[in-house]
Structures are given as structure tokens and as C-alpha cells.
Amino acid sequence: MTRRHIVFLSALIALAVFAAAVFLYQRHTLQAAALQASEQAGAMVRPHSPVIGPVNAPVTIVEFFDPACEACKAFHPRVKQILAAFPRETRL
């Protein structure tokens, strides 16, 4: 084996190890985020909160709305579009 082959194989192995590390890190981070979101779900949605959409929807959009806020006014139609496009998957 020439020196060039050894360098190429070493770089290939290093790249494979890096890709595996990134994959495992992302999977761990995603699992931790999902666990944290499920633990804190009750902090955002209270029993007296007005809810639009199915209770068992996998995505919950929590909107803090102020009618005097220009950004809230601009974003509200987008929220309605999301709810219309995904009626069974989202709740507000």
C-alpha cells in the first residue's frame, strides 16, 4: 500500500466516524427535546385555555396574541393557513 492510499483511507475512516458522531448526537438531542416538550406541555396549555383543533393533534401551536401588536396581526393569517392546511395534525 502506498502512502497516498493510507492517507485516503485514514481520511475516509475519519469522515465515517464524524458522520456517525453527528447522527448519534442529533438523535440524542431530538430525544431530549421531545422529552422536555412532553414534560412542559402542561405549562402552556391550561384547562381554561381556548383551544381550536383536535385534542390529540401531534402539533400544538401556542399563540400569545395582542390585538395592538403589529407582528401579531401580521402573523395571525399565517396561523389560520396552517390550521386550514393541516386540520387533523394541528391545534391552536
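Within the chain, which is the longest segment containing none of the chymotrypsin sites (Phe, Trp or Tyr not before Pro) that sit in a DSSP loop and have at most 13 other Cβ atoms within 10 Å?
On the way: sites that count: F64, F65.
Of all site-free stretches, the longest is 1-63.
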For the range 79-92, what does the Karplus curve 6.51 cos²θ - 1.76 cosθ + 1.60, with θ = phi - 60°, yield as ³J(HN,Hα) per residue in whole Hz, taken in order and with x for Gly and Pro? 4, 4, 5, 4, 5, 6, 6, 10, x, 8, 9, 10, 9, 10
Cβ charges +1 (Lys, Arg) and -1 (Asp, Glu), total dipole of the chain, debye: 400
Over the chain: helical MRE at 222 nm, DSSP H runs n ≥ 4 each giving -39500 (n - 2.57), nearest 500: -21000 deg cm²/dmol
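Out of the GluC sites (Glu not before Pro) in the range 61-92, which ones are loop residues according to DSSP with at most 16 other C-beta atoms within 10 Å?
Hits after loop and neighbour filter: E63, E89.
The numbers here are math on the coordinates, done by the rules we state, and not lab data. Every value quoted in this text rests on a predicted model; they were computed, and no experiment measured them. For neighbour counting, all protein chains shown are included, and Cβ atoms are generated from backbone atoms with ideal geometry for every residue, glycine included.
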